[in-house]
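For reference, the structure discussed in these notes is given below.
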Amino acid sequence: MSEAEFNWFLDIDLDPELNSYQDNFNKLVSFFKRLKVSNYPEVKKFAQNYKLQMLSLDPIIESFTSKVCPYCGTVCCRQKFALPNREDIILFWALGFKLPRYDLKRDINSSCQFLSYTGCNLPRLCRPFRCTWYFCEALWLQIEINSPSYNIEKGLKRLRNARDNLIEYIIKTIAV
Ligand code: SF4
Ligand code: SF4
């Protein structure tokens, strides 16, 4: 990879609130299409760890969201939260996911295209990381009432570390 290309990759700002989102999204997706994840065996190991952490947290988080979210009057799932940022696209590539078809024409402040009557239609691993990382006050209260919150805090810390290690490794690896 040329230095200019790598600098572009480091600097790219993939923020759904910006007009440049669609253009940068397309560029980043084609950038990763050219890199075959199978050529990076170590990425697979880091990705597996991230996947394990996410899959072990998923049922715990679901057990709380299922008690709170169906009764929420101000559902937080907006289209802008469904659109992946740079790190999400890196993670999806490492996990070998095919990206869902994002509705880039949809108003970013309207409800998320993946939101259904039964909650999110995407498996947790295919959602942007922010969807898992966000806990509103009511949700956090539910956690504190029903289980020692340090259990979930420990799991979240492990998940965050696994994600950060994976992204850091990929950025270092593709720079060569
Ligand atoms: S996480 Fe909180 S704000 Fe979002 S839908 Fe659930 S209860 Fe509502
Ligand atoms: S959790 Fe699912 S429905 Fe909610 S914003 Fe994220 S992708 Fe959309």
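The values are calculated or read from the model by the stated rules, or taken from the named source; none is laboratory data. A quick note: this is a predicted structure, and the numbers were derived from the prediction, not measured. Quick reminder, even Gly has a Cβ in these numbers, built from the backbone with ideal geometry, and neighbours come from all protein chains shown.
A single entry from 106, 158, 78 fulfils the requirement of being basic (Lys, Arg), more than 21 Å from residue 14 (Cβ to Cβ) and either modelled with pLDDT under 95 or surrounded by 12 or more Cβ atoms within 10 Å (Cβ to Cβ) (or both): 158. The set of residues in region 97-135 being farther than 11 Å from residue 77 by Cβ, within 13 Å of ligand 2 (Cβ to nearest atom) and more than 16 Å from the chain's Cα centre (by Cα) consists of 103, 106, 108, 109, 117, 118. Quick one: is residue 45 outside any loop (DSSP other than H, G, I, E, B), more than 17 Å from the chain's Cα centre (by Cα) and surrounded by fewer than 17 Cβ atoms within 10 Å (Cβ to Cβ)? Yes; evaluated as a whole, the condition is true for this residue.
For region 102-127, filtering for residues that are within 14 Å of ligand 1 (Cβ to nearest atom) and out of contact with any strand residue (DSSP E or B) (no Cβ under 7 Å at 6 or more places or on another chain) leaves 7. When you check residue 94 against the structure, is it within 13 Å of the chain's Cα centre (by Cα), more than 16 Å from ligand 1 (Cβ to nearest atom) and among the hydrophobic types (A, V, I, L, M, F, W, C), yes or no? Here the answer is yes, as residue 94 does meet what is asked.
Return the pairs, sorted by first residue and then second, in which the second residue is more than 10 Å from ligand 2 (Cβ to nearest atom) and among the hydroxyl-bearing types (Ser, Thr, Tyr), the first residue lies in region 116-143 and is at positive phi, the beta carbons are less than 8 Å apart, and the residues are 6+ apart or on different chains. Listed pairs, sorted by first residue: 119/66. Residues in region 151-173 include none that are away from ligand 1 (no atom under 15 Å from the Cβ), part of a loop (DSSP other than H, G, I, E, B) and small (Gly, Ala, Ser). Please work out which residue is farthest from the chain's Cα centre (by Cα), limiting yourself to region 50-91 and to residues that are more than 14 Å from ligand 2 (Cβ to nearest atom) and of a type in the set (S, T, N, Q). So the residue we want is 63. When restricted to residues that are in a helix (DSSP H, G or I) and out of contact with any Phe, Trp or Tyr (no Cβ under 7 Å at 6 or more places or on another chain), region 1-41 contains 22.
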